[in-house]
Amino acid sequence: MLWSQRTWAELPADITAARQAAILPVGATEQHGPHLGTGMDWVLADRLCTAVAARTGVPMLPVLPYGCSLGHSLRWPGTIAVQPTTLIQIVKEIGDWAYHSGVRRLFIVNTHVTNFAPLRCALEMLRAEHDDLMVAVINSAHVSPRVKAAHFAEGDDWHANGAETSLMMAVAPDIVREALIASSDDPDRTEGLVFSHPVNRTSVNGVTGAPSGSSLASGQELFGWMVDDLSALVERGKHEEPPLPHSYFSQV
């Protein structure tokens, strides 16, 4: 169910069969410490949403590999960031064109924490313009209580930690540098802070957490939970209707 592999003659039936739904994965290209490749976020978005699309029958739009990664600074090479306003506009325009292809339920699946604010802005713009378009922004690390607990096990701030390293060991081992995992731990220094500081002021190597606690088995288990729980959410959304029928554009 990959949008990019379907033809214009096939997509209308695909979208209708999926109750007019589509999935848009949004990731990032950014440093992930010395032991993980810079594509970690978008690779996860791609692998996760591909699996969910296959299970639910909902077409998956091509993954966005760039996100709002400004907080990772220029300290480490490899990060390719876009401005929040750029991400808002890109996602808004993708949503517009998906709408004109027949999509009325759009699931935006986000795998990079600081993409959320721009994606929420895009959601606001899309639903204000298209009266019958329903949009959801789903952060992959928050898709269910068990998935959230696994991601946040080492602290409220985390990046390239045990959970993310385990996930890559399970779904994309080619971007993992296993020889560097044990020496890449760096603690969360954000607890109790008033301000939100960029990563150059909270981490010595771009990591927040303990990748040394990662394992293939835990990554396989966590990825399985994410596929199961996101698929269940998408299935619920396929059948959801607005609580009330009132138009955005009319007081009647």
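The values are calculated or read from the model by the stated rules, or taken from the named source; none is laboratory data. Just so it is clear, the model here is predicted, and its values are computed rather than measured. Neighbour counts are summed over all protein chains in view; Cβ atoms, including those assigned to glycine, are modelled from backbone coordinates with ideal geometry.
Just a few scattered comments:
- Meets criteria (crowded, with 21+ Cβ neighbours inside 10 Å, touching a residue at least 40 places away in the same chain (Cβ under 8 Å) and part of a loop (DSSP other than H, G, I, E, B)) for Ser184: yes
- Selection count where residues are outside any strand (DSSP E or B) and either over 9 Å from the mean Cα position of the chain (by Cα) or surrounded by fewer than 24 Cβ atoms within 10 Å (Cβ to Cβ) (or both), scope the stretch 19-47: 15
- Condition check for Ser69: under 25 Å from Ser184 (Cα atoms) and among the hydroxyl-bearing types (Ser, Thr, Tyr): yes
- Put simply, of Trp3, Trp8 the only residue that is out of contact with any Cys (no Cβ under 8 Å at 6 or more places or on another chain), of a type in the set (Phe, Trp, Tyr) and in contact (Cβ under 8 Å) with a residue 12 or more places away in the chain is Trp3.
- On the stretch given as the stretch 152-169, residues that are surrounded by fewer than 21 Cβ atoms within 10 Å (Cβ to Cβ) and either under 14 Å from Glu221 (Cβ atoms) or in contact with a Lys or Arg (Cβ under 9 Å, 6 or more places away or on another chain) (or both) total 1.
- Residues of the stretch 1-37 satisfying the condition of being in contact with a His (Cβ under 9 Å, 6 or more places away or on another chain) and β-branched (Val, Ile, Thr): Val26
- Scan the stretch 122-135 for residues that are buried (at least 18 other Cβ atoms within 10 Å of the Cβ) and either in contact with a Leu (Cβ under 8 Å, 6 or more places away or on another chain) or closer than 18 Å to Ser69 by Cα (or both) and the total you get is 5.
- Criterion: among the hydrophobic types (A, V, I, L, M, F, W, C), within 20 Å of Thr79 (Cα to Cα) and touching a residue at least 40 places away in the same chain (Cβ under 8 Å) - qualifying residue of Val171, Val204, Val199: Val199
- Complete set of residues in the stretch 68-97 that are surrounded by fewer than 22 Cβ atoms within 10 Å (Cβ to Cβ) and either within 14 Å of Leu24 (Cα to Cα) or at pLDDT below 95 (or both): Ile88, Ile90, Lys92, Glu93, Ile94, Asp96, Trp97
- Restricting Ser212, Ser218, Ser231, Ser183 to residues that are of a type in the set (S, T, N, Q) and under 29 Å from Val135 (Cβ atoms) narrows the list to Ser231.
- Checked against (1) in a helix (DSSP H, G or I); (2) over 24 Å from Val103 (Cα atoms); (3) not hydroxyl-bearing (Ser, Thr, Tyr), Ile15 passes all but condition (2).
- If you go through the stretch 226-252 and pick out every residue that is surrounded by fewer than 16 Cβ atoms within 10 Å (Cβ to Cβ) and closer than 30 Å to Ser69 by Cβ, you end up with 1.
- Across the stretch 1-16, not a single residue is classified as small (Gly, Ala, Ser) and touching a Lys or Arg at 6+ places or on another chain (Cβ under 8 Å).
- Ser144 being touching a helix residue (DSSP H, G or I) at 6+ places or on another chain (Cβ under 9 Å), touching a residue at least 12 places away in the same chain (Cβ under 8 Å), closer than 20 Å to Arg236 by Cα and small (Gly, Ala, Ser): yes
- Residues of the stretch 197-215 classified as in a loop (DSSP other than H, G, I, E, B) and more than 21 Å from the chain's Cα centre (by Cα), total: 7
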